[in-house]
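A.B. asks: Mind looking over this structure? Questions follow.
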Amino acid sequence: MKRVSIILILSLIALFLLASLTLGQQTQTAVAKYGKPKIDVQMDEVWKSAKEYVTDRYVSGTKDKVAYAKFRVLWDEDSIYVWAEVYDSLLNKDNTNPWEQDSVEIFVDEGNEKASSYDANDAQYRVNFDNYQSFGTNASKDYFVTASRKTDFGYVVEAQIKMRTKKLAEGMVIGFDLQVNDSNMFGNRVGIVAWNEWDNESWKNPSYFGNLKLEK
Ligand code: BGC
């Protein structure tokens, strides 16, 4: 009898540990290298110094079934730059909600406060495969320069996000996330995958962003 209750207690503890591990996720850190590319969806030499990252936190849809991106980030004193290759076999922009079109979203928290709601230095940018831009909190076209191109695997987006509140410098860490929205042929969003977040929260909650470390 005693043995049974010990086994029961141990299994409950194991179950609890497993549940707490899977509920939250570790905040990831990516590195951005110094450099200023031309925003023309041609891969300038300078991109080759930047490490490639993959969006693989599936908020909706599953791996190999919905679109995802491989991306790199560069920075200079005024901006960050994103190169995103989106693997998506079917491109659709029929939905009137831009976040339900095939698109890439970029989230920036210049102060990296990881607050649970947007403050003045947080912003949400979006661009679809056809280079149509749309904006969440604090974002506007004044701070967003983009180009896009369709490819045989999907599309590529190149973007400059100008900083609104501060100059960037080597060693700084800012909040950052990248999300891919995948639309099906009927214009319904069937996939959301992000680099850091896992719960469709980044658009309202910057504490779900990852970290971007600026290196030379
Ligand atoms: C989210 C949507 C949200 C939209 C608002 C997107 O990042 O995935 O669910 O409605 O942002 O801008």
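A.B. asks: How large is the dipole of the chain about the Cα centre if only Lys and Arg carry +1 and Asp and Glu carry -1, each at its Cβ, rounded to the nearest 20 debye?
C.D. replies: Dipole of the chain, to the nearest 20 debye: 600 debye.
A.B. asks: Going by alpha carbons, how many degrees (0 to 90, nearest 10) lie between the helix axis of 2-23 and the longest principal axis of the chain?
C.D. replies: In the chain, helix 2-23 runs at an angle near 10 degrees to the longest axis.
A.B. asks: I'd like the accessible area for Val59, computed on protein heavy atoms only with a 1.4 Å probe and all protein chains in place. Round to 10 Å², please.
C.D. replies: Roughly 40 Å² of Val59 is accessible to a 1.4 Å probe.
A.B. asks: Students often get this wrong, so check it: of Lys63/Lys150; Lys33/Lys70; Lys38/Lys216; Lys63/Lys216; Lys63/Lys166; Lys38/Lys114, which have C-alpha atoms separated by over 25 Å?
C.D. replies: The pairs that break the limit, which is 25 Å between Cα atoms, are Lys63/Lys216; Lys63/Lys166; Lys38/Lys114.
A.B. asks: Another question, then. What value, in deg cm²/dmol to 500, does the helix sum -39500 (n - 2.57) over DSSP H runs of n ≥ 4 give at 222 nm once divided by the residues of the chain?
C.D. replies: -3500 deg cm²/dmol
A.B. asks: To one decimal place, what Kirkwood hydrodynamic radius in Å is obtained for the chain from all pairs of distinct Cα atoms?
C.D. replies: Computed over the chain, the radius equals 18.0 Å.
A.B. asks: Taking K and R as +1 and D and E as -1, what net charge do the other residues with C-beta under 9 Å from the C-beta of Val157 add up to?
C.D. replies: That sum, taken over residues with Cβ under 9 Å, equals -1.
A.B. asks: Which FRET efficiency value, to the nearest 0.05, is calculated for Asn97 and Asp142 with the Förster distance at 22 angstrom and r the Cβ-Cβ distance?
C.D. replies: Once rounded, the FRET efficiency stands at 0.45.
A.B. asks: Which of Met172, Trp75, Gln28 sits farthest toward the positive end of the charge dipole of the chain, with +1 on the Cβ of Lys and Arg and -1 on the Cβ of Asp and Glu?
C.D. replies: It is Gln28.
A.B. asks: Quick check: net charge around Thr27, other residues with Cβ under 14 Å of its Cβ, Lys/Arg +1 and Asp/Glu -1?
C.D. replies: In short, -3.
A.B. asks: Which of Asp122, Asp142, Asp94 moves most in a GNM of the chain, Cα contacts under 10 Å?
C.D. replies: It is Asp142.
A.B. asks: Restricting to bridges with both residues inside segment 27-215, how much of the DSSP beta-bridge set is antiparallel, in percent to the nearest 5?
C.D. replies: 90 percent
The values are calculated or read from the model by the stated rules, or taken from the named source; none is laboratory data. Since we're looking at a predicted model, the values are computed, not measured. Counting neighbours? That spans all protein chains shown, and the Cβs are built from the backbone with ideal geometry, glycine included. Accessible surface is based on the protein model in full, side chains and every heavy atom, while ligands, DNA and RNA are left aside. Shrake-Rupley method; radii C 1.70, N 1.55, O 1.52, S 1.80 Å.
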